[in-house]
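The values are calculated or read from the model by the stated rules, or taken from the named source; none is laboratory data. This one's a predicted model, so the numbers in the text were calculated from it and none came from an experiment. Counting neighbours? That spans all protein chains shown, and the Cβs are built from the backbone with ideal geometry, glycine included.
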Amino acid sequence: MEHSRLIALALTAITISGLHTASGPDHYLPFVVLSRSRKWSLPKTIFLTIVCGIGHILSSVLIGLVGVFLGWQLTKIAWLQDVRGNISGWALLIFGVLYLAYGLRQAWLNKPHKHFDVMGDDVYVYEHTHGQTVMPGSRIKVTPLVLFAIFVMGPSEPLVPLLFYSGTQRSVTEIVVLISVFTISTVITMLAMVLIGIYGYSFFNTSKLERYMHAIGGGVVTVCGIGMVFLGW
């Protein structure tokens, strides 16, 4: 039971981090353009990608550790001791459904989101809605430092319920595995997308998926919650 649960959580973390990274051009497009325009060496490009990826992960982990703390505190309530497994599974499922609904609502309402634009040899970042024209004055030129700041301030929210679940199980092993898997998967996916872009390959257009990133994350967590509650993962 514990082994299968750990595998399910790890696969969920890999799926979330992989889809979250690959579906957002902001995770790799700036590195590709800046590498080409400023003639960065491949080692420098890889290094900056890894540094920004780790910054992105650290902000996610810090928020996720709040979930761990809340889950750990929940287990101290005496009458929950015998049923905490069921409660944590249902909590994961409910969070997934709510996050999925939030993601679909965000996509439907076309809320403003971060976007990168390539202008000559430079990259600019700004907020916009799909179909909206943004004036040049509202754009911020992207430098390595700005890029790092953007990644640090943009955590991956779906990691929170997974770490909350592990907190309710009081499983340090699960917490370490989830953070490690999430870190490795995110960095590898970022590097893969950057290298694909640098060498001129474009197998698929992920920009259309960016609008649905929250919904995709919520869907993955929901599937994991269903497995925990109904399938005995």
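Run down 123, 68 and say which single residue is more than 20 Å from the chain's Cα centre (by Cα), buried (at least 16 other Cβ atoms within 10 Å of the Cβ) and either modelled with pLDDT of 75 or more or more than 14 Å from residue 217 (Cβ to Cβ) (or both).
On the way: 68 fails: more than 20 Å from the chain's Cα centre (by Cα).
Among 123, 68, only 123 is more than 20 Å from the chain's Cα centre (by Cα), buried (at least 16 other Cβ atoms within 10 Å of the Cβ) and either modelled with pLDDT of 75 or more or more than 14 Å from residue 217 (Cβ to Cβ) (or both).
Quickly run through the stretch 147-183 and pick out the residues that are in contact with a Gly (Cβ under 8 Å, 6 or more places away or on another chain), of a type in the set (Phe, Trp, Tyr) and closer than 30 Å to residue 35 by Cβ.
Selection gives 148, 151.
Step by step: first the residues of the stretch 1-49, then only those that are closer than 22 Å to residue 182 by Cβ and not in a helix (DSSP H, G or I), then the one that is modelled with the highest pLDDT. Which residue is that?
Top of the filtered list is 28.
Among the residues of the stretch 73-106, what is the count of those that are assigned to a helix (DSSP H, G or I) and at pLDDT below 75? Before the answer, list the steps.
Kept after step one, since they are assigned to a helix (DSSP H, G or I), are these residues of the stretch 73-106: 73-74, 78-106.
So of that shortlist, the ones also at pLDDT below 75 come out as 73-74, 78-88.
Of the residues in the stretch 73-106, 13 are assigned to a helix (DSSP H, G or I) and at pLDDT below 75.
Picking from 59, 23, which residue would you name as being under 13 Å from the mean Cα position of the chain (by Cα), surrounded by 18 or more Cβ atoms within 10 Å (Cβ to Cβ) and not acidic (Asp, Glu)? Give the steps one after another, and end with the answer.
Values: 59 fails: surrounded by 18 or more Cβ atoms within 10 Å (Cβ to Cβ).
After ruling out the rest, the residue left standing is 23.
Rundown of residues vs (1) in a helix (DSSP H, G or I); (2) of a type in the set (Gly, Ala, Ser), yes/no style:
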{"site": "163", "(1), (2)": "yes, no"}
{"site": "166", "(1), (2)": "yes, yes"}
{"site": "170", "(1), (2)": "no, no"}
{"site": "174", "(1), (2)": "yes, no"}
{"site": "184", "(1), (2)": "yes, no"}
{"site": "187", "(1), (2)": "yes, no"}
{"site": "190", "(1), (2)": "yes, no"}
{"site": "193", "(1), (2)": "yes, no"}
{"site": "196", "(1), (2)": "yes, no"}
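Can you name every residue in the stretch 162-176 that is farther than 14 Å from residue 10 by Cβ and either without any contact (Cβ under 8 Å) to a residue 60 or more places away in the chain or hydroxyl-bearing (Ser, Thr, Tyr) (or both)?
Once the filter is applied, which keeps residues that are farther than 14 Å from residue 10 by Cβ and either without any contact (Cβ under 8 Å) to a residue 60 or more places away in the chain or hydroxyl-bearing (Ser, Thr, Tyr) (or both), the stretch 162-176 yields 168, 172.
Results for (1) among the basic types (Lys, Arg); (2) under 30 Å from residue 167 (Cβ atoms); (3) touching a strand residue (DSSP E or B) at 6+ places or on another chain (Cβ under 7 Å), shown as yes or no for each residue.
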| position | (1), (2), (3) |
| --- | --- |
| 14 | no, yes, no |
| 22 | no, yes, no |
| 29 | no, no, yes |
| 38 | yes, no, no |
| 43 | no, no, no |
| 51 | no, yes, no |
